[in-house]
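**Q** Could you have a look at this structure, given as structure tokens, before my questions?
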Amino acid sequence: MKIIYEGKAKRLYPTDNPLEVLMEFKDDATAFNGKKKAVFDNKGRINKQITLLLYQFLEKAGVQTHFVRDHDETKMIVQRVDIIPIEFVVRNVVAGSLSKRIGLEEGAALTRPIVEYYYKNDDLGDPMIAPDHIRALNLATDDELERIRDEALTINRLLTGFFRDAGLRLVDFKVEFGRRHPDLQDIVLADEISPDTCRIWDLETNEILDKDRFRRDLGQVMESYQRIWERISGHAAHC
Ligand code: UDP
């Protein structure tokens, strides 16, 4: 099958409909800008299931996503979008690069969520940028940025509650947005929401259950992703 695009964790294929593409979740894992690599059996399947469940939950709550329909174990049909080259990171608890940058201890709760912007550019190593840089690079208008920021905070509020009810703490996560074809006017949530792109800890014990298990060589990576899936699918079944 012809590939439209291949990234570190996903592949896109064309469909008969020019406005829709097939998104495949790969078993490949990378960290530290691609310097650390591994393959985990079943990762694509689990991440697709988790993204699908979270997209369906968010859509029900009124968040527009590029999701169209499920396809098979590792693939879903999504609307064709032009991804805005900004990673929106929302944080509820200090972890990872934030802890290093501002010197607060990992695990410290933030009184208000923080939204950060990173420029999606592999050659530059995805640097953090401010709204003025977004303007200078013409990545989004002020109005679009404000709307996306509000949407990212809404997604955070919804997901934080959803995970909490499933016995999990949503520490932080990254989301991406795209301009929907054909007119590129509507901006919708795109890409994935999975343990690869979120920090998720056990609510009681703070045990790390996300991609940090791979980044930090903690072992039991897929077992932890599977535990997240079991908790959220169990919770979703009761909603
Ligand atoms: N993140 C991501 N892709 C990236 C960078 C970060 O999905 O290219 C996610 C990461 O999994 C975490 C959050 O964004 O949930 C914040 O990551 P951070 O800035 O702390 O970076 P890290 O410590 O992972 O380098």
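**Q** Can we say Val78 is away from the ligand (no atom under 12 Å from the Cβ), buried (at least 20 other Cβ atoms within 10 Å of the Cβ) and either outside any helix (DSSP H, G or I) or without any contact (Cβ under 8 Å) to a residue 60 or more places away in the chain (or both)? So that I can check it myself, show each step before the final result.
**A** Details: away from the ligand (no atom under 12 Å from the Cβ): yes; buried (at least 20 other Cβ atoms within 10 Å of the Cβ): yes; either outside any helix (DSSP H, G or I) or without any contact (Cβ under 8 Å) to a residue 60 or more places away in the chain (or both): yes.
So Val78 fits the description; yes.
**Q** Of the conditions (1) of a type in the set (A, V, I, L, M); (2) touching a strand residue (DSSP E or B) at 6+ places or on another chain (Cβ under 6 Å); (3) in contact (Cβ under 8 Å) with a residue 60 or more places away in the chain, Ala166 clears all except one; give me its number.
**A** (2)
**Q** Follow-up. Kindly indicate whether any position in the stretch 83-100 is in contact (Cβ under 8 Å) with a residue 60 or more places away in the chain, surrounded by 14 or more Cβ atoms within 10 Å (Cβ to Cβ) and away from the ligand (no atom under 12 Å from the Cβ). Outline the logic, then answer.
**A** Here is the first cut: in the stretch 83-100, the residues in contact (Cβ under 8 Å) with a residue 60 or more places away in the chain are 83-84, 86-93, 95-96, 98.
Still in the running and surrounded by 14 or more Cβ atoms within 10 Å (Cβ to Cβ): 83-84, 86-93, 95-96, 98.
Checking the rest, the ones that are also away from the ligand (no atom under 12 Å from the Cβ) come to 83-84.
Within the stretch 83-100, one or more residues are in contact (Cβ under 8 Å) with a residue 60 or more places away in the chain, surrounded by 14 or more Cβ atoms within 10 Å (Cβ to Cβ) and away from the ligand (no atom under 12 Å from the Cβ).
Yes or no, residue by residue, for (1) over 30 Å from Asp150 (Cβ atoms); (2) touching a helix residue (DSSP H, G or I) at 6+ places or on another chain (Cβ under 7 Å):
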{"site": "Thr30", "(1), (2)": "yes, no"}
{"site": "Val39", "(1), (2)": "yes, no"}
{"site": "Arg45", "(1), (2)": "yes, no"}
{"site": "Leu58", "(1), (2)": "no, yes"}
{"site": "Gln64", "(1), (2)": "no, no"}
{"site": "Val78", "(1), (2)": "no, no"}
{"site": "Phe88", "(1), (2)": "no, yes"}
{"site": "Arg91", "(1), (2)": "no, yes"}
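**Q** Another one. Looking at Leu124, Leu110, can you tell me which residue is within 14 Å of the ligand (Cβ to nearest atom), surrounded by fewer than 16 Cβ atoms within 10 Å (Cβ to Cβ), without any contact (Cβ under 8 Å) to a residue 40 or more places away in the chain and more than 30 Å from Ala38 (Cα to Cα)?
**A** Leu110
**Q** May I ask you to list the residues in the stretch 24-65 that are without any contact (Cβ under 8 Å) to a residue 12 or more places away in the chain and either within 15 Å of the ligand (Cβ to nearest atom) or closer than 22 Å to Ser224 by Cβ (or both)?
**A** Scanning the stretch 24-65 gives Lys35, Lys37.
Residues checked against (1) closer than 25 Å to Gln79 by Cβ; (2) of a type outside the set (Asp, Glu); (3) touching a Pro at 6+ places or on another chain (Cβ under 9 Å):
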{"residue": "Asp142", "(1), (2), (3)": "no, no, yes"}
{"residue": "Pro182", "(1), (2), (3)": "yes, yes, yes"}
{"residue": "Ile208", "(1), (2), (3)": "no, yes, no"}
{"residue": "Leu218", "(1), (2), (3)": "no, yes, no"}
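**Q** Kindly indicate which of Gly62, Gly34 is within 27 Å of Ile187 (Cβ to Cβ), surrounded by fewer than 17 Cβ atoms within 10 Å (Cβ to Cβ) and not aliphatic (A, V, I, L, M). Please lay out each step first, then the result.
**A** Working: Gly34 fails: within 27 Å of Ile187 (Cβ to Cβ).
Step by step, each of Gly62, Gly34 is checked, and only Gly62 is within 27 Å of Ile187 (Cβ to Cβ), surrounded by fewer than 17 Cβ atoms within 10 Å (Cβ to Cβ) and not aliphatic (A, V, I, L, M).
**Q** So, one more: Quickly run through the stretch 136-153 and pick out the residues that are surrounded by 14 or more Cβ atoms within 10 Å (Cβ to Cβ) and part of a helix (DSSP H, G or I).
**A** Quick first cut of the stretch 136-153, residues surrounded by 14 or more Cβ atoms within 10 Å (Cβ to Cβ) only: 139-140, 144-145, 147-149, 151-153.
Those that are surrounded by 14 or more Cβ atoms within 10 Å (Cβ to Cβ) and part of a helix (DSSP H, G or I): Glu144, Leu145, Arg147, Ile148, Arg149, Glu151, Ala152, Leu153.
**Q** Select from the stretch 1-25 the residues that are more than 21 Å from Leu218 (Cα to Cα) and under 16 Å from the mean Cα position of the chain (by Cα) and list them in ascending order.
**A** Going through the stretch 1-25, the residues more than 21 Å from Leu218 (Cα to Cα) turn out to be 1-8, 10-25.
Passing the criteria: Gly7, Lys8, Lys10, Arg11, Met23, Glu24, Phe25.
**Q** Separate question: Taking the stretch 157-199, which residues are near the ligand (Cβ under 9 Å from one of its atoms) and among the β-branched types (Val, Ile, Thr)?
**A** Correct list: Val171, Val175, Thr197.
Since every read-out is calculated from the coordinates, none of them should be taken as a lab result. Everything quoted here is computed from the prediction, not taken from an experiment. Because the Cβ atoms are built from the backbone with ideal geometry, glycine has one as well, and the counts that use them run over all protein chains shown.
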